[in-house]
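The values are calculated or read from the model by the stated rules, or taken from the named source; none is laboratory data. As the structure is a prediction and not an experimental result, all values here were calculated from the model. Please note: Cβ atoms are built from the backbone with ideal geometry, for glycine as well, and neighbour counts cover all protein chains shown.
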Amino acid sequence: MFQKIFIPAIGGGLGILLMVALGDVAHLPLMLVPFTTSIVLVMSVPDAPFARPQNVIGGHILSAVCGLAVLWALGDNPWLAALAVGLAIAAMEATDTMHPPAGINALIMVIAHPAWTFVVMPVASGALVLVAFSYVYRDVAQRLVGGRKG
């Protein structure tokens, strides 16, 4: 019971703590750090197809790029966020990197219109850190208490 409930919960909390710290370093408001649902997914169901490293990383980057493309081509009208999210879904499907939580990046790009560097930090770097953290955390937890390993 401990391994099933508390190991993922503690890891999710620690992962968010890490993302908040990175957001602070980059001077990003917490609502622009798009990884909460990704952490829930990789900690709770690490073997799910949507939680594969290539899906987490690729999905987040593709979604941000789709949002950026819509922003640059058409502007920051909130109605265009729907187009950006649709394009992100298409891109993730086409590349077999579907990660549903990543769709928020396309919306953030159009609504908040951050600089293009948002794709690099926090999106790409954050996705890489998230995936690395989840592997290290699950390995350490497995060694310390045994149980499930993802």
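Need pairs with beta-carbon distance below 9 Å; first residue touching a residue at least 24 places away in the same chain (Cβ under 8 Å) and within the stretch 96-124, second of a type in the set (K, R) and surrounded by fewer than 20 Cβ atoms within 10 Å (Cβ to Cβ); sequence gap 6+ or separate chains.
Qualifying pairs under 9 Å: T97/R52; H99/R52.
What are the residues in the stretch 72-98 that are closer than 10 Å to I111 by Cα and either modelled with pLDDT under 95 or outside any helix (DSSP H, G or I) (or both), if any?
G75, D76, N77, P78, W79
Test P34 against the stated conditions and say whether it is over 16 Å from I104 (Cα atoms) and not basic (K, R).
No.
Can you name the residue in the stretch 99-120 that is of a type outside the set (G, A, S) and surrounded by fewer than 16 Cβ atoms within 10 Å (Cβ to Cβ) and is also modelled with the lowest pLDDT among such residues?
Filtering the stretch 99-120 for residues that are of a type outside the set (G, A, S) and surrounded by fewer than 16 Cβ atoms within 10 Å (Cβ to Cβ), the one modelled with the lowest pLDDT comes out as H113.
Identify all residues within the stretch 40-71 that are free of Cβ contacts under 8 Å to residues at least 24 places away in the same chain and aromatic (F, W, Y); write none if there are none.
Within the stretch 40-71, no residue meets the criteria.
Yes/no per residue for (1) charged (D, E, K, R); (2) surrounded by 16 or more Cβ atoms within 10 Å (Cβ to Cβ); (3) in contact with a helix residue (DSSP H, G or I) (Cβ under 8 Å, 6 or more places away or on another chain):
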residue	(1), (2), (3)
A51	no, yes, yes
V65	no, yes, yes
D76	yes, no, yes
A82	no, no, no
L87	no, yes, yes
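Filter the stretch 25-40 for residues that are assigned to a loop (DSSP other than H, G, I, E, B) and loosely packed, with under 13 Cβ neighbours inside 10 Å; which is nearest to the chain's Cα centre (by Cα)?
Looking at the filtered set, the residue picked out is P29.
So which residues in the stretch 41-71 are in contact with a Gly (Cβ under 9 Å, 6 or more places away or on another chain) and either farther than 17 Å from R138 by Cβ or assigned to a helix (DSSP H, G or I) (or both)?
If the condition is that a residue be in contact with a Gly (Cβ under 9 Å, 6 or more places away or on another chain) and either farther than 17 Å from R138 by Cβ or assigned to a helix (DSSP H, G or I) (or both), then V42, M43, S44, F50, A51, G59, H60, S63, C66 are the ones that fit.
I'd like the residue in the stretch 121-150 that is basic (K, R) and in a helix (DSSP H, G or I) and, out of all such residues, is surrounded by the most Cβ atoms within 10 Å (Cβ to Cβ).
That would be R138.
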